[in-house]
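S.K.: A single structure is presented below for examination.
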Amino acid sequence: MLLCRFLLLILAVLLMQACHSGPGRTSAGGSGDGDASVPPGYMLVYEQDFENPESMEDFVFSDPDAWELTPYEGGVALNQASQSDYSPPVRSPRNIGLIADRKFGDFVLEADLLSTGREAAHRDLILFFGFQDPAHFYYIHIASRGDSVAHQIHIVNNEPRVSITGERNDGVEWGDVWHRVRLERTIADGMIRLFFNDMEAPIMVARDTSFGAGYVGFGSFDDSGLFDNIRIWGPAVEEERARFF
């Protein structure tokens with residue numbers, strides 16, 4: 001009798017957990033607050049916290065001399081510490097650091113960002129994705145204040161960058177603190193959504209299907225900043241070493 005009651009209690013607990021997990025999305029593992037909620041079928045395909053001194057070998061840079069690993073109170077971060085000695089083929093960002101050995105199609109990315117640039121309307125950090133080569137890629141310019149070129153989702157398609165933003169807020173307050181960002185991309189419908197600290201409401205949205213799977217990375221247009229705790233989930237990833245920079 002006691003065994004039956006015990007089994008019934010376990011069954012009730014399992015049913016309650018199933019009800020509270022919610023349909024449609026599953027929680028991906030990780031440490032700390034802000035663990036990603038990702039679509040079914042997604043798995044963790046890349047993770048980097050830069051605690052290993054060799055972690056920079058994961059990346060290819062437009063100018064390796066502009067980047068370094070920097071310790072801080074919470075660990076070690078990838079630091080774009082100076083301006084890159086690099087001239088892009090068309091008007092687009094100069095400071096680029098890409099995960100070098102894999103191309104991402106559909107994905108969810110989360111990372112921590114700390115801007116170290118001076119306060120100004122165009123104070124920025126950037127997320128790159130769908131990167132085919134230095135003249136064909138997407139990037140999200142996250143800035144203190146939005147205008148026709150700042151705080152926009154851009155495409156670089158063998159011509160100077162063009163905004164493809166559909167929706168956005170007015171800008172972000174960088175301050176001197178860390179911020180969590182989340183980038184969601186699906187290729188079939190072209191959906192691109194960026195979240196900044198608040199993982200419920202995106203601050204920028206766009207749709208574009210020009211490019212398929214590509215390299216993902218970080219940087220700035222002409223500022224500086226730190227990047228840490230990178231995690232990327234997706235249904236698959238293509239292993240291919242970047243052959244540029």
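The values are calculated or read from the model by the stated rules, or taken from the named source; none is laboratory data. As the structure is a prediction and not an experimental result, all values here were calculated from the model. Cβ: placed from backbone, ideal geometry, glycine included. Neighbour counts: every protein chain shown.
S.K.: Is it the case that segment 206-221 has a residue that's among the aliphatic types (A, V, I, L, M), surrounded by fewer than 21 Cβ atoms within 10 Å (Cβ to Cβ) and either at pLDDT 95 or above or touching a strand residue (DSSP E or B) at 6+ places or on another chain (Cβ under 7 Å) (or both)?
M.R.: no
S.K.: Evaluate segment 43-61: report whether one residue or more is among the small types (Gly, Ala, Ser) and either over 19 Å from the mean Cα position of the chain (by Cα) or exposed (fewer than 12 other Cβ atoms within 10 Å of the Cβ) (or both).
M.R.: For segment 43-61, residues among the small types (Gly, Ala, Ser) and either over 19 Å from the mean Cα position of the chain (by Cα) or exposed (fewer than 12 other Cβ atoms within 10 Å of the Cβ) (or both): absent.
S.K.: Can you tell me which of PRO40, PRO71 is part of a loop (DSSP other than H, G, I, E, B) and either within 15 Å of ALA111 (Cβ to Cβ) or not aromatic (Phe, Trp, Tyr) (or both)?
M.R.: PRO40
S.K.: Which condition number in (1) without any contact (Cβ under 8 Å) to a residue 60 or more places away in the chain; (2) touching a Pro at 6+ places or on another chain (Cβ under 7 Å) is the one that SER148 fails?
M.R.: Condition (2) is where SER148 drops out.
S.K.: Same structure, new question: Just to be sure I understand the filter: pairs with C-beta atoms under 9 Å, separated by 6 or more residues or on different chains, first member in segment 214-237 and farther than 19 Å from GLN80 by Cα, second member at pLDDT below 95 and small (Gly, Ala, Ser). Which pairs pass?
M.R.: From residues that are farther than 19 Å from GLN80 by Cα, the pairs are TRP233/ALA28; TRP233/ALA36.
S.K.: Of all residues in segment 43-68, which are of a type in the set (D, E, K, R) and in a loop (DSSP other than H, G, I, E, B)?
M.R.: Those that are of a type in the set (D, E, K, R) and in a loop (DSSP other than H, G, I, E, B): ASP49, GLU51, GLU54, ASP63.
S.K.: Which of the residues spanning segment 157-202 are surrounded by 17 or more Cβ atoms within 10 Å (Cβ to Cβ) and among the charged types (D, E, K, R)?
M.R.: ARG161, ARG168, ARG180, ARG182, GLU184, ARG185, ARG193
S.K.: Could you tell me whether ILE96 is modelled with pLDDT of 95 or more, in a strand (DSSP E or B) and in contact with an Asp or Glu (Cβ under 7 Å, 6 or more places away or on another chain)?
M.R.: Against the criterion (modelled with pLDDT of 95 or more, in a strand (DSSP E or B) and in contact with an Asp or Glu (Cβ under 7 Å, 6 or more places away or on another chain)), ILE96 does not qualify.
S.K.: One residue is enough: does segment 107-130 have a residue meeting the conditions within 17 Å of SER62 (Cβ to Cβ), acidic (Asp, Glu) and out of contact with any Ser or Thr (no Cβ under 8 Å at 6 or more places or on another chain)?
M.R.: Among the residues of segment 107-130, not one is within 17 Å of SER62 (Cβ to Cβ), acidic (Asp, Glu) and out of contact with any Ser or Thr (no Cβ under 8 Å at 6 or more places or on another chain), which makes the answer no.
S.K.: Give the residue, chosen from GLU238, GLU173, GLU167, GLU159, that is of a type outside the set (S, T, N, Q), under 13 Å from GLY130 (Cβ atoms) and modelled with pLDDT of 95 or more.
M.R.: Residue meeting the stated conditions: GLU238.
S.K.: Is it fair to say ALA121 is of a type in the set (Gly, Ala, Ser), surrounded by fewer than 17 Cβ atoms within 10 Å (Cβ to Cβ) and in contact with a strand residue (DSSP E or B) (Cβ under 9 Å, 6 or more places away or on another chain)?
M.R.: Judged against the criteria, ALA121 is a match.
S.K.: Next question. If we keep just the residues of segment 227-245 that are over 23 Å from ARG94 (Cα atoms) and of a type in the set (A, V, I, L, M), which is surrounded by the most Cβ atoms within 10 Å (Cβ to Cβ)?
M.R.: ILE232
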